[in-house]
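Derivation of every value follows stated rules applied to the coordinates shown; laboratory data play no part. These figures come from a predicted structure and were not determined experimentally. Positions of Cβ are backbone-derived with ideal geometry, glycine not excepted, and every protein chain shown enters the neighbour counts.
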Amino acid sequence: MSSNARHVPVMLQRCLDMLAPALTEPGAVVVDCTLGAGGHSEALLERFPEARLVALDRDPTALALAGERLARFGDRATLVRAVYHELPEVLERLGIPRVQGVLFDLGVSSMQLDEADRGFAYAQDAPLDMRMDQTTGISAAEVLNTYPPGELVRILRAYGEEKQAKRIVSAVVREREKEPFTNSARLVELIRDALPQAAKRTGGNPAKRTFQALRIEVNGELVSVERAIPAAVAALAVGGRIAVLSYQSLEDRIVKAVFAAGATSTAPAGLPVVPERYQPRLKLLTRGAELPTEEEVAENRRAAPARLRGAERIREDIL
Ligand SMILES: C[S@@+](CC[C@H](N)C(=O)[O-])C[C@H]1O[C@@H](n2cnc3c(N)ncnc32)[C@H](O)[C@@H]1O
């Protein structure tokens with residue numbers, strides 16, 4: 001099977017339908033902030049023949065592969081290697097003041113998970129790397145081997161929602177003094193041994209939460225999402241639409257908060273008439289978060305945790 005066939009874009013039809021009303025005019029610009037294998041991008045270019053695509057990814061491998069896949073669209077597609085919170089600078093460099101659509105498909109790609117030697121998957125033994133861009137930053141092994149224990153506990157709790165963080169970190173610190181960590185299997189085994197029986201019975205592989213936490217730390221994921229979502233909303237023209245797919249509650253909480261703030265009036269209480277500058281600048285396109293259908297999850301289990309939220313820009317900022 002080709003890599004394109006294996007990596008089915010999540011909630012694709014729903015994302016396209018959500019962005020559609022904003023992308024029909026000639027010259028509309030849509031930004032895919034998480035290009036990955038290019039599945040969503042390809043579908044955007046096919047469905048909206050008048051639109052131009054700008055697509056970002058921090059992973060050079062993803063850019064190379066998606067570049068081949070999208071080559072047939074010529075200059076309708078501009079691919080840029082960037083971290084998504086750099087969106088304002090990318091648009092400025094391209095001379096694009098405002099955009100009509102933005103899509104985020106957050107997290108790690110199927111491609112990254114499938115490349116065992118990148119160390120994202122706890123199911124296979126591999127070097128503990130986990131960098132989406134291996135040309136920069138520090139690896140998961142370095143985090144594990146060098147961070148002070150208190151910092152590791154904080155990361156496991158905040159980014160992995162791991163209740164047994166202290167227990168796991170005590171074991172890590174004891175073990176790393178004997179020999180630094182290099183590979184995932186040793187960490188998986190250590191977590192298994194460190195956890196009490198009761199904790200092992202809940203929530204799948206006991207290493208899952210620690211791996212998620214390390215990945216988020218290594219890639220500065222939440223910090224990037226916190227900066228990128230408001231930047232994307234700011235880049236939308238009036239009538240422009242944004243759709244965001246999240247795969248874990250920490251990301252989804254950030255998206256929900258940014259959208260809710262944009263959709264709420266900022267007027268001081270008790271004004272008889274709310275002046276324009278206090279009116280909400282976003283309209284929510286989803287009530288709560290939308291989930292994939294059972295059929296989609298049955299066909300593509302990586303869609304299971306997906307949460308989709310959308311919003312439309314309805315007003316300029318008035319200062
Ligand atoms: C879930 S995949 C996207 C899959 C894509 N929608 C498709 O259809 O093939 C997420 C992608 O976002 C990229 N990514 C994650 N965090 C990023 C960030 N902060 N800046 C830029 N790209 C990021 C990853 O490298 C990965 O390729």
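Computed values, structure above
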read-out	value
Greater than 26 Å apart at Cα, pairs in LYS208/LYS256; LYS166/LYS256; LYS163/LYS283	LYS166/LYS256; LYS163/LYS283
Neighbour cut-off at most 16 other Cβ (10 Å), DSSP loop, trypsin sites (Lys or Arg not before Pro), the range 5-112	ARG98
Inter-part distance where the range 57-99 and the range 120-143 are each reduced to a Cα centre, Å	24 Å
From phi via Karplus (6.51, -1.76, 1.60), per-residue ³J(HN,Hα) for the range 232-245 in Hz, x at Gly/Pro	5, 4, 5, 7, 6, 6, 4, x, x, 10, 10, 10, 10, 9
Alpha-carbon Debye profile of the chain, log10 I(q)/I(0) at 0.12, 0.15 Å⁻¹	-0.86, -1.21
Relative compactness, the range 202-319, computed as alpha-carbon Rg over 2.2 N^0.38 Å	1.29
Along each principal axis, Cα extent of the range 118-219, largest first, Å	40, 26, 24
Label point 7 Å beyond Cα of ARG315 along Cβ direction - residues of the range 67-100 with amide nitrogen under 13 Å	none
Within the range 237-319, GluC sites (Glu not before Pro) in DSSP loop having at most 16 other beta-carbon neighbours inside 10 Å	GLU316
